[in-house]
Amino acid sequence: MQKGTISVQTENIFPIIKKFLYSDHEIFLRELVSNAVDATTKLRILAERGEVKNEIGDTTIEIIREADAKRIIIRDRGIGMTEEEVLKYLNQIAFSSAAEFLDKYKDSAIIGHFGLGFYSAFMVADKVEVVTKSWKEEGTQGVRWTCEGNPEFSIETVDKAERGTDIILYVNEENADFLSNNRLQELLDKYCRFLPIPIQYGMKTEYLDVEDGEEGDENKEPQTMEVPNIINDTRPLWKKQPSELKEADYKAFYRELYPMAPEPMFWIHLNIDYPFNLTGVLYFPKIGATLEATRNKIHLYSNQVYVTDDVRDIVPEWLLLLHGIIDSPDIPLNVSRSYLQSDTNVKKISEYITRKVGDKLNELFKEDRPAFEQKWRDLGVFIKYGVISDKKFDEKAANFTLVENTKGEFYLLNDYKEHIKANQTDKHNKTVCIYTNDPEGHDALIKAAYNRGYDVLRLDTVLDNHWMQHIEYKAESGIVFVRIDSDTLDKLVQKDEKRESVLSEAETETVKKVFEGISSKDGRVECSALAPDDQPVVIVRPEFMRRMKEMQSLQGMGDFPDMYNVVVNTNHPLIAQKLVTEPEADQKILAQYLYDLALLQQGMLRGEALTYFVNKTLSTL
């Protein structure tokens, strides 16, 4: 048997780096600045342990743009490298100095782990120079390493006054947009705004305040001064203890993250160090009209380095509606979705966030139920989404899931069931929850329902159909939902009672044929013996068929025709005493009027048809 070592052809590694190391070239800045942060953090750790004898001084990292020379420089005043270390770390791809440092100082917060980050520079640059000087060799020369995107490199000693490293990128034409001031500022804001070491990008102008007691000339130019433009907050809100913070701090941070969004309802501060490390703050926003507009607003960080806003595999689907930041060093910067889906820490983080959200909602409900009820229009979307999606959350949510009736009264679902069961229990011993998705449009039906002793819920959010179905599928709930226009009033809660019709079978058949002659092909006519004071004609949309249509529409399965029934009340005087006694022509006129009136009550008569009906009615009067 023969054994050997697989050989990697180094001349092929640079095309791979340029095209496949990262999916997006802009990531180069994050990687190189993260390396600079690591180098500075290492120096601070060494200083804290007494290994650096002198003061370390200013450790600000600088981003320098030289557009004319087509260069970007990332300059740190960190630990630097000796010539030996340059040869060791820069010429051995995937050998990570951060990983080696962590082995020696296990409690350190170092960002990098893989050692490929530096080579992201070659995605945007045809030539890269590294000019560095080690903290170990104060007063000696520095080292310059140069590579032009191939396996060949040069290394030489140079004069360098300060400790630290300059990464100099000679940006190629393909990536020239990164030399734009606005583009570079955009990347710094995205990837570096919360890094733990100060990052300077050029200078900015500040206006000096007039000292107390000084009266300035109104025509005098305001005094200004140039100061370093520090683009990051080195100790962002989520890295602080909740005891240090006030409500105003959380709101100000939210406005910083989402300047155009309305104020959040409330927030959760995450802070855990066992069995995994996680900090962050999650906000409950006001949802508004659409769910999609609120998605992808949770930003994932690793040691204050921005990673992504696609957190589908870290945060449960239903909590993607939240806004805010999650920061965990246990989630590496560059990782595949398959890794996230199988990683045990990620699963624990997901469970922890779900539990914290459930605990917070329960706490808010118990502490101030009236305030909780005021926020229900927005909160209900989160909670119902969680109930549908997460079994464990569903069990906990029973303690704070509310329903609201059209009078503005709120009940826990089990309490509501008790409230209505005397009048709204059907022949199958199911409690029937009557609801509306359009309180204004169904106003007449709602009033009739209350006159009958029924109660009517308001269920009109985008998730209510799914939530109702979920509740109905739970056998222990004993609840069914019917929309107020899904049947005639006396059939919404099905009983064994049966009312006799005053019409004969022949007369009933005549009435049916008259209405079939004028109703739309989408509406099925049925004659029913209702109470004499019920409407003469009612348009109803059967619950099952209507739900099917709505679910199919949500899933993008096409625009299905509207399906409804035309219910003719054979006991109403206009039908039983007038229509059946009129000549055929007058029967059609009366039937058309009653049918149009029913359409009007359902909001189905619009445009020219509505104008014609109103004018015809007025002329008759």
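All of the numbers you see were taken from the coordinates with simple rules; none came from a lab. Please read these numbers as outputs of a predicted model, since none were measured by experiment. Ideal geometry is used to build each Cβ from the backbone, glycine not excepted, and the neighbour counts take in all protein chains shown.
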**OP:** Between Gln374 and Leu87, take the C-beta separation as r, use R0 = 45 Å, and let me know the FRET efficiency to the nearest 0.05.
**Re:** 0.10
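How would you order 32-43, 580-591, 320-331, 373-384 from highest to lowest mean count of nearby Cβ atoms within 10 Å?
Numbers: 32-43: 24.5, 580-591: 14.2, 320-331: 22.1, 373-384: 18.6.
Top of the packing list down: 32-43, 320-331, 373-384, 580-591.
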Original post:
Of all the Cα-Cα pairs you can form in the stretch 366-427, what percent are over 18 Å apart?
Top reply: 41 percent
**OP:** Go through Lys360/Lys392; Lys297/Lys360; Lys251/Lys356; Lys297/Lys347; Lys42/Lys133; Lys360/Lys407 and tell me which ones have a Cα-Cα distance over 25 Å in this structure.
**Re:** Lys360/Lys407
Original post:
Quick one: if the Förster radius is 41 Å, what FRET efficiency do Glu174 and Tyr352 give, using the C-beta to C-beta distance and rounding to 0.05?
Top reply: 0.45
Original post:
Under 17 Å Cα-Cα from Lys498, which aspartates and glutamates qualify once same-chain neighbours fewer than 8 residues away are excluded?
Top reply: Asp426, Asp487, Asp490, Glu526, Asp533, Asp534
**OP:** Beta carbons within 10 angstrom, averaged per residue: use that to sort the peptides 273-281, 44-52, highest first.
**Re:** 273-281, 44-52
Original post:
Given Cα pairs under 8 Å that are at least 6 residues apart, what percent is the relative contact order of the stretch 401-492?
Top reply: 32 percent
Original post:
Between rounded, prolate and oblate, where does the stretch 401-492 land on the alpha carbon gyration tensor, with a ≥ b ≥ c its root eigenvalues, rounded for a/c under 1.5, else prolate if a/b exceeds b/c?
Top reply: rounded
Original post:
Computed FRET efficiency, Cβ-Cβ of Asp126 and Gln185, R0 25 Å: what is it to the nearest 0.05?
Top reply: 0.60
Subject >> Point-to-point label distance, Thr308-Arg255, nm (Cα→Cβ direction, 7 Å offset) >> reply: 3.3 nm
